[in-house]
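Notes to accompany the following structure.
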Amino acid sequence: MTATRPAPVTGVAAEPDDPARGALDRAVARLRELQHDEGWWKGDLETNMTMDAEDLMLRHFLGIATPDGDTQTARYIRSRQNDDGSWSNFAGGPGDLSTTVESWVALRMAGDPADSPHLVAAAGFVRRGGGLERARVFTHMWLSLFGLWSWDDCPHLPPEIMFLPRWVPLNIYDWGCWARQTIVALTVVSALEPVRPIAIDVGDLRTGVGPPPPARLTSLAGVFQRLDVLLHAYNRRPVRFLRERALRRAVRWILDRQEADGGWGGIQPPWVYSLIALHLRGHDVDSPAMRAGLAGLDGFTLHTETDEGPARWLEACQSPVWDTALAVAAMLDAGVEPDDPDVVRATDWLLDEQITGPGDWQVRRPDLVSGGWAFEFANDSYPDIDDTAEIVLALRRVRHPAAPERLAAALDRAVTWTTGMQSRDGGWGAFDADNTRTLVERLPFCDFGAVIDPPSADVTAHVVEMLAAEGRTGEEPCRRGVDWLTNAQEADGSWFGRWGANHVYGTGAVVPALVAAGVPSRDSRIRRAVRWLEEHQNDDGGWGEDLRSYRDPAWIGRGDSTPSQTAWALLALLAADQNTEAVERGVRYLVETQRDDGGWDEHRFTGTGFPGDFYIAYHLYRLVFPVWALGRYVRRYVGDRYISGSGVPNPAVGKGAR
């Protein structure tokens, strides 16, 4: 989908004695090559094998699997197996029990014999990890669809929750938007408990261990466990007219939120469960909603080569809006002119993607005028506060030759919307305001991934930085955002990263935001953050943080160096105007690891979906963030930046310039 059209770098040629500028010029050229003709950028978005296993299982459940599709998916799954027989949730990470169970089942469904060496090894890993009995709830539900696990042993979630008013705990709007869309669909599946048996056996994955003992009745977990017993009993004999109304309301809710590309929220989990729910309620695969949904999933399918031959894999999501915003900002910081044709094309594409219609966010902000951007191509229901803040930061610097008024009006509207999405505690979440009710996390159903959307340091930092760029540092929303960030700083001086790995990401976002908001670089908050970055710089000059840091504090700030994480640390240090030695070492790492084509290799995942459970490799991060960091470094310490492709040095930007 990505055009690769060569384009010259706008600006002066790199000087032989200026390796940082040479690396920057090559990287900008590579970034230009990757821009689509319509103006957007999109890197591949890689996650883990559950996406591919569940895609294969979905197609078998719906009766639309093909031998070629099974073969290609199986090749990809096998190509990602670890030496110990497991599959991991991120590259280089430890094996994951549930991911390995789902991969094993998918390969069996694709025709791999249970006694083949790779499946024997996988089954051994599962048994050593506690067996199928200890897999997560979603894995058990997938197996229940095929009679490989009992629905009686899955937590029940009745569709009658659709009737709960928005002020009642456990109503659907207590969940984060990604979980909400998934939960509504799963209430339909859970109520109907479908079974379509297949001719495989999962005995090799079982250990025979019994369920864990129930929690104490005096605890919330214990109360919900006993409530689940009652819900199962109700599900066997529901109030029929009430159940039917609930199912109809759930299906209507699902259909109302289907996007133009056929999906739901632009992400895999609600997409596949919504298709199953609709199918169970009478929508056959040729119905308009099902046909659009399946075609959309095909659009998320990518093809690659493995040692066994052609393979296919599924992106859990696509990130063109996010990638394009980051690319524009990076190019501008690299010295590309604000009216550069590539920048203007990207701006026009982004303007067309702005969301001006309603969404679930209005449940808590009913009087706020829409004006945000979503993450994906066709998601018009769930604008993202993080994307919107970054787009405003980037596009406010663009000099549009043809539509400056349209650009200004769109950004003004976006600023109003983003500011209005501030939560009561002063921070910002990703999609909703005040989505902080932790009660839903205690349900037996919710044993995997983040299910609420509370404010985070990285999103709040991006909004604070945007408000500062808008000249609003003295206004209450920005001041409260700064206070929130101050209170969120860890004892070691870093910040937790919700949507990127991890404390390097959080710290890399917060330090530039605080400096932009007027916090002096010698302030203790900045000094402590800089000290933390200094202490966690690797011997090769780069920075890295393994995703295990979300569960094991011993990994915080530790891991193999990566281009994106090195760039995040550099952005913080450059903003803080401290420790030029650490900056020089970080820049040297980027220069020395750059590929001949101007890009970088990145073998680790550095993006986060659900901390502790679900991780992402954004393939454009390894290019766009180094461009950003090198651009700021060159502008500050090298000088002679670009002037509209004329090759004329800019006298206003030189050594020490900001």
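Worth a mention:
- Scoring Thr73 on the criteria (1) touching a residue at least 40 places away in the same chain (Cβ under 8 Å); (2) within 29 Å of Gly544 (Cα to Cα); (3) part of a helix (DSSP H, G or I) leaves a single failure, condition (2).
- Test: residue in region 156-178 that is at pLDDT 95 or above, part of a loop (DSSP other than H, G, I, E, B) and over 31 Å from the mean Cα position of the chain (by Cα): no
- Any pair with Cβ under 9 angstrom, 6 or more apart, that starts in region 491-509 at a residue that is assigned by TED's automatic domain parsing to the domain that holds Arg528 and buried (at least 24 other Cβ atoms within 10 Å of the Cβ) and ends at one that is aliphatic (A, V, I, L, M) and modelled with pLDDT under 95: Arg498/Ala450
- When Gly541 is tested against (1) modelled with pLDDT of 95 or more; (2) on the phi < 0 side of the Ramachandran plot, just one condition goes unmet, and that condition is (2).
- Selection of region 235-259 for residues being aliphatic (A, V, I, L, M), under 21 Å from Asp152 (Cα atoms) and surrounded by fewer than 16 Cβ atoms within 10 Å (Cβ to Cβ) yields only Val239.
- Those residues of region 91-122 which are outside any loop (DSSP other than H, G, I, E, B), of a type outside the set (S, T, N, Q) and over 20 Å from Asp153 (Cβ atoms), in sequence order: Gly95, Ala106, Leu107, Arg108, Met109, Pro117, His118, Leu119, Val120, Ala121, Ala122
Residue by residue, here is whether (1) assigned to a loop (DSSP other than H, G, I, E, B); (2) within 16 Å of Asp360 (Cβ to Cβ); (3) in contact (Cβ under 8 Å) with a residue 24 or more places away in the chain; (4) among the polar types (S, T, N, Q) holds:
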site: Ala199; (1), (2), (3), (4): yes, no, no, no
site: Leu217; (1), (2), (3), (4): yes, no, no, no
site: Leu227; (1), (2), (3), (4): no, no, no, no
site: Glu244; (1), (2), (3), (4): no, no, no, no
site: Leu255; (1), (2), (3), (4): no, yes, yes, no
site: Gln258; (1), (2), (3), (4): yes, yes, yes, yes
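- Condition check for Arg345: assigned to a helix (DSSP H, G or I), surrounded by fewer than 20 Cβ atoms within 10 Å (Cβ to Cβ) and touching a helix residue (DSSP H, G or I) at 6+ places or on another chain (Cβ under 7 Å): no
- Arg364 within 19 Å of Trp178 (Cβ to Cβ) and of a type in the set (Lys, Arg): yes
- Of all residues in region 529-555, those satisfying the criterion of being buried (at least 17 other Cβ atoms within 10 Å of the Cβ) and closer than 14 Å to Trp495 by Cα are Ala529, Val530, Trp532, Leu533, His536, Glu545, Ser549, Tyr550.
- Selection status of Pro214, over 30 Å from Asp115 (Cα atoms), under 29 Å from the mean Cα position of the chain (by Cα) and of a type outside the set (D, E, K, R): no
- Of residues in region 364-392 being more than 23 Å from the chain's Cα centre (by Cα) and not charged (D, E, K, R), the one surrounded by the fewest Cβ atoms within 10 Å (Cβ to Cβ): Pro366
- Region 593-610 - residue that is under 21 Å from the mean Cα position of the chain (by Cα) and of a type in the set (Asp, Glu) and, of those, surrounded by the fewest Cβ atoms within 10 Å (Cβ to Cβ): Asp601
- Breaking point among (1) surrounded by 13 or more Cβ atoms within 10 Å (Cβ to Cβ); (2) under 34 Å from the mean Cα position of the chain (by Cα); (3) part of a loop (DSSP other than H, G, I, E, B), for Val223: (3)
- Contact annotation: residue pairs with Cβ atoms under 6 Å, 6 or more positions apart or on different chains, pairing a residue in region 37-66 that is farther than 26 Å from Gly599 by Cβ with a partner that is among the aliphatic types (A, V, I, L, M) and in a loop (DSSP other than H, G, I, E, B), are Arg59/Ala65; Phe61/Leu145; Leu62/Val285; Ile64/Val285.
- Flag for Ser98 being in contact with a strand residue (DSSP E or B) (Cβ under 6 Å, 6 or more places away or on another chain), of a type outside the set (A, V, I, L, M) and crowded, with 17+ Cβ neighbours inside 10 Å: no
The values are calculated or read from the model by the stated rules, or taken from the named source; none is laboratory data. These numbers come from a predicted model, not from an experiment. No Cβ is skipped: glycine too gets one built from the backbone with ideal geometry, and neighbour counts run over all protein chains shown.
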